[in-house]
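These notes concern the structure reproduced below.
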Amino acid sequence: MRFDIQHRPAYALAIVHLEPNETVIAEGGAMVSMDSHVQMQTSAAAPGQGLLGGLLSGLKRVVAGESFFQNRFTASAPGQVTFAPVHVGDIVVHELGAQGVLYLQSTAFLCSSDSIAVDTKWGGARTFFGGEGLVMLKATGHGPIAFNSFGGVKCIDVEGEFTVDTGHIVAFEGGLNFTVNRFGGGWKSFIFGGEGLVCRFTGTGRLWIQTRNPQEFGKALGPKLPMREN
């Protein structure tokens, strides 16, 4: 399996090259195109979960901001599948090691090898204060995983401590711990300063951040949309 990212950084497209019997898993609606050697199967369950496990897993994904179903694309001969995210931005391909763990913002997952399991992980109830939800996905296993950003993406090697606004987090490695707090400067700065909540990372590992904040973009765009007439 080989990933080729084109049209970056603003309109990135992931082209996945599959060998015979290889499978790539993607979010529902992410597929742009596929050739005749690839077959798609839609399911809410990972292999071995069964019907109940699949329904519960699907419901967890909905709560986390993902689609209920995931699609499995399997090649019978060498073939290609292309994927694109909903947001305008870049795509990163990361290779998970045998003991690797990657945490992703809920809407960042695009596709991965079927050897990787993606599950929900809550950032804590206090992260929802002020409407800045930080729902994370946990990816484990061995193989490539592609995730997307809103805007450009920057990789940071954290050693010690690093602070990021929650709306700019894309993904981070399992070697990093995080706590969510209101922005420093007291309650006046928190309420009127416009910074909201931040994540304070500690430890050693890679962190990916995005140049645009979806929540702030929505706030700016909302008032400009036409009002719906009854």
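How much length, in nm to one decimal, is gained on full extension between I5 and R200, taken as 0.36 nm per residue of separation minus their Cα-Cα distance?
67.1 nm
Taking amide H atoms as placed 1.01 Å from N in the peptide plane, list the residues 5 or more away in sequence, or in a different chain, whose amide H sits under 5 Å from that of R8.
It is L13, by chain and number.
Each value in this text was obtained by applying a stated rule to the coordinates, not by laboratory testing. Here the structure is a predicted model, which means the values were calculated and not measured.
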